[in-house]
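For reference, the structure discussed in these notes is given below.
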Amino acid sequence: MKKLLLAALTVMLAGSMVFAGGKSDGSSGGKKKDVVVVFIPKISGNAFFEVANEGAQELAKKVGFTIKYDGSPDAAVANQVNIINNAVQQGADAIVISTLDAGGVDQALKAARNAGVAVMTWDSDAVASTRQLMTSQGTPEILGKMLVDMGVDSLKERGKDPKSAIKYCWHYSQATVTDQNSWQVAGEEYIRKNYPSWVNVAPDNYYSNQDAEKAITVGEAVLSAHKDIDLIICNDSTALPGQLQAAQNLGLNKDKVSITGFATPNAIKDYCRAGILTRWGLWDVKIQGGIACYLAYWAATGHTMKVGDTINIPTIGDVKIEPNTVLEPGAYTASDSGVVLLPERAVFTKDNMDNYNF
């Protein structure tokens, strides 16, 4: 993917060196030695999060700080709370977390802030007034539309009229995951406006809790309960491969049902080659991990940022500070809290998927 040129952010940072405005070159003129950033995924072992860690570690090595990638193979809020608490107790300088449940980790993150630890989010947000900045893959409107549009293109490829009464549903991790839920809500609104004939056969959605095995069994349940379903949208990098495996287990392919969603290219290529789906999407998660952790490092070295500022991230490019309202109208607005938006996303097909190796 191309270098990042635009993004968004605003941050609350305590420290001795103040970045008063304009553009910073990302240099570490006040950096302290041995800065430790604890990088927390929703779940360890998942390709999406492992790739984000790869990108973060590569950048940290070049810049000169330490990232402790600390996750659990079980997607449980209690596990994230324990990791946050341990990070504080062990003297971490910053925490960067993709939350399973914003409310569930809020008290732990507040305690970390009170202890002087920089708190950032990426992928899935925390309570905006608690964290300093969120490195986001895009607005709910952008990502919800992208998911539906990939579904529409998949339907067209097998001769379905997307203006007809398409039967569809959503399969993802859980309703408390901020990012995925916001995409589903925005996607539903986009469907209502543009495809009013569509029928959601499971308005309460299907959830598999970011469990790889459960994603397969839930995927099979979807296909068994709705044998005439046209489209399944999986806005979760565990649900998508699970749903595809379920279809393959049941002898279904792209000509029988359209399945699409978000996951890394490498996690889905074999299903595409096998003819189970035609397209899916994502963004450069290596860049996202690198940005999030660099900004945490930048905060931990005493820099303060405000809306409108631009920061240059080594090997990536410029990011621009924007308010939280770019993600949600009416959201918490303060000069000490904001968002970085990745400007680019990609749709993968058999024609371009081998151009990506993550």
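The values are calculated or read from the model by the stated rules, or taken from the named source; none is laboratory data. Everything quoted here is computed from the prediction, not taken from an experiment. Cβ coordinates were reconstructed from backbone atoms using ideal geometry, including for glycine residues, and neighbour counts include every protein chain displayed. Protein only, heavy atoms only, side chains kept; ligands, DNA and RNA dropped before computing areas. Shrake-Rupley method; radii C 1.70, N 1.55, O 1.52, S 1.80 Å.
Observations
- Cα-based convex hull, region 36-98, per residue volume (Å³, whole number): 65 Å³
- Note on region 59-200: Kirkwood hydrodynamic radius from all Cα pairs is 17.3 Å, rounded to one decimal.
- Pairs over the 20 Å Cα-Cα cut-off, from the set Lys42/Lys350; Lys193/Lys350; Lys256/Lys350; Lys68/Lys214: Lys42/Lys350; Lys193/Lys350; Lys68/Lys214.
- Net lengthening on full extension, Val347/Thr325 (0.36 nm per residue, minus Cα-Cα): 5.3 nm
- Test item: Cα-centred dipole of the chain, Lys/Arg +1 and Asp/Glu -1 on Cβ, debye: 520 debye
- Of the cross-linked pairs Lys62/Lys286; Lys163/Lys254; Lys110/Lys306; Lys110/Lys286; Lys167/Lys286, those separated by over 23 Å at the C-alpha level are Lys110/Lys286; Lys167/Lys286.
- The fraction of accessible area contributed by carbon and sulfur in region 121-260 is 51 percent, rounded to a whole number (1.4 Å probe; ligands and nucleic acids excluded).
- Accessible surface, per residue, of the chain when the full set of protein chains is kept, probe 1.4 Å, Å²: 39 Å²
- Charge tally for Ser197 (other residues, Cβ to Cβ under 11 Å; Lys, Arg +1; Asp, Glu -1): +2.
- Computed from phi, the 3J(HN,Hα) profile of region 321-328 under the Karplus parametrisation 6.51, -1.76, 1.60 (θ = phi - 60°) reads 7, 10, x, 4, 5, 5, 9, 8 Hz, with x in place of Gly and Pro.
- Local electrostatic count at Asn85 - Lys and Arg +1, Asp and Glu -1, tallied over other residues with Cβ under 15 Å: +1
- Only helical runs count toward this figure. For the chain, summing -39,500 (n - 2.57) over DSSP H runs of n ≥ 4 and dividing by all residues gives -11000 deg cm²/dmol at 222 nm.
- Of all DSSP beta bridges in region 105-240, antiparallel share, percent nearest 5: 10 percent
- Relative packing of peptides 134-140, 78-84, 147-153 - highest average C-beta neighbours within 10 Å first: 134-140, 147-153, 78-84
- Estimated from the Cβ-Cβ distance and a Förster radius of 56 angstrom, the FRET efficiency linking Asn86 and Lys163 is about 0.60.
- Once the gyration tensor of the Cα atoms in region 230-358 is diagonalised, the equivalent ellipsoid follows with semi-axes of 37, 17, 11 Å, ordered largest first.
- Applying 0.36 nm per residue to the separation of Ala225 and Ala78 and subtracting their alpha-carbon distance, the gain on full extension is 49.7 nm.
- The chain pair-distance distribution - Cα-Cα, 10 Å bins, rounded %: 6, 26, 33, 22, 11, 3, 0
- Total formal charge among the other residues, if their Cβ is under 12 angstrom from that of Gly55, Lys/Arg +1 and Asp/Glu -1: -1
- Beta bridges from DSSP with both residues in the chain: antiparallel share about 25 percent, rounded to the nearest 5.
- For region 116-125, 3J(HN,Hα) per residue [Karplus equation, 6.51 cos²θ - 1.76 cosθ + 1.60, θ = phi - 60°, Hz, x = Gly/Pro]: x, 8, 5, 10, 10, 10, 8, 6, 10, 7
- Convex hull volume per residue, computed on the Cα atoms of region 62-105, equals 86 Å³.
- Gain upon complete extension [Glu213, Tyr356; 0.36 nm per residue less C-alpha separation]: 48.9 nm
- Mean separation of Cα contacts under 8 Å (6+ apart) over length of region 60-217, as relative contact order %: 20 percent
- For region 346-357, the Karplus equation 6.51 cos²θ - 1.76 cosθ + 1.60, evaluated at θ = phi - 60°, returns couplings of 9, 9, 9, 9, 4, 7, 10, 4, 7, 7, 10, 10 Hz by residue, with Gly and Pro reported as x.
- Amide proton proximity set for Cys234, modelled H, under 5 Å, gap of 5+: His171, Thr260, Gly261, Phe262
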